[in-house]
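To start, the structure under review is shown below, and the notes come after it.
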Amino acid sequence: MPHTPVLYVLNGPNLNLLGTREPDVYGRDTLADVEALCRTAAEGAEVVFRQSSEEGRLIDWLHEAGEKADAVVFNPAAYSHTSIALHDAIKALAIPVVECHLSNVAAREAFRHHSYVSPVAAGVVSGVGPFSYDLAVRAALRLARARAARS
Ligand code: DQA
């Protein structure tokens, strides 16, 4: 990868409320805190950090990432458990997409145990709070570098 790697960090519905939303589940850090953590973890890679509660907008951003980014970290939030459209959008990408959750979705309600995103993600990080993003950013950039080395 001769150029500075570009990483999209995309966040789904309700994640704009981090810090005040169910702090016992999601903690007290805000989305701005998570963004700062991602920029530190990215160690000089260019980070495009966005949040939307609209499924179609997230799909458009995934398409955009396919054109402009080397990897994606994606917390699809509740759409993880419902969205075949997000599954299809990720399947269409050649770049690695790492799914990321603050909470341990496997330890929560049964409806959170299935993710439409996991089967098409390069990997999943879940359950360690904001540190999930730190790990996901590092993993996504490592996967992007490995992919570039292969081509
Ligand atoms: C979440 C887990 C999802 O089940 C939930 O709908 C969210 C956040 C997480 O980061 O733990 O909104 O993706």
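The values are calculated or read from the model by the stated rules, or taken from the named source; none is laboratory data. What you see is a predicted model; the values in this text were computed from it and never measured. Every residue, glycine as well, gets a Cβ built from its backbone with ideal geometry; the counts of neighbours run over all protein chains shown. All accessible areas refer to the heavy atoms of the entire protein, side chains included, with ligands and DNA or RNA removed. Shrake-Rupley method; radii C 1.70, N 1.55, O 1.52, S 1.80 Å.
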Burial ranking of peptide ranges 117-127, 94-104 (average Cβ count within 10 Å, highest at the top): 94-104, 117-127
With eigenvalues of the C-alpha gyration tensor scaled by 5 and rooted, region 6-150, Å: 21, 18, 14
Charge context of ARG57, other residues only, Cβ under 15 angstrom, K/R +1, D/E -1: -3
Heavy atoms of ARG57 accessible to a 1.4 Å probe, total area in Å² rounded to 10: 110
Per residue, in Å², the accessible surface of region 6-150 once ligands and nucleic acids are set aside, probe 1.4 Å: 47
Per-residue SASA entry for PHE131, accessible area with 1.4 Å probe, Å² rounded to 10: 110
Whole-Hz ³J(HN,Hα) from phi, Karplus 6.51 cos²θ - 1.76 cosθ + 1.60, for region 83-97, glycine and proline x: 9, 5, 5, 5, 3, 5, 5, 5, 4, 6, 8, 8, 7, x, 10
Gyration tensor (alpha-carbon) shape descriptor, region 92-151, a/c threshold 1.5: oblate
Placed amide H near LEU18: partners under 5 Å, 5+ positions off or other chain: LEU31
Nearest-ten-degree value, helix 55-68 long axis tilted from longest Cα axis of the chain: 20
Cα centroid separation, region 12-72 to region 99-151 (Å): 13
13 Å beta-carbon shell around LEU86, net charge (K/R +1, D/E -1): -3
Neighbour net charge for GLY129 - beta-carbon separation under 13 angstrom, K R +1, D E -1: -4
Crossing angle, helix 31-41 versus the chain [Cα axis fit, 0-90 degrees, rounded to tens]: 40
Theoretical gain in end-to-end length, ARG21 to ALA107 [0.36 nm per residue, Cα-Cα removed]: 29.1 nm
Beta bridge orientation in region 6-150: antiparallel %, DSSP, nearest 5: 0
Interchain or long-range residues, amide H under 5 Å from VAL48's placed H: LEU7, TYR8, VAL9
Charge dipole (debye, nearest 20) of the chain; +1 at Cβ of Lys and Arg, -1 at Cβ of Asp and Glu: 400
Which of ASN16, CYS100, LEU135, positive extreme of dipole for region 12-151 (C-beta unit charges): LEU135
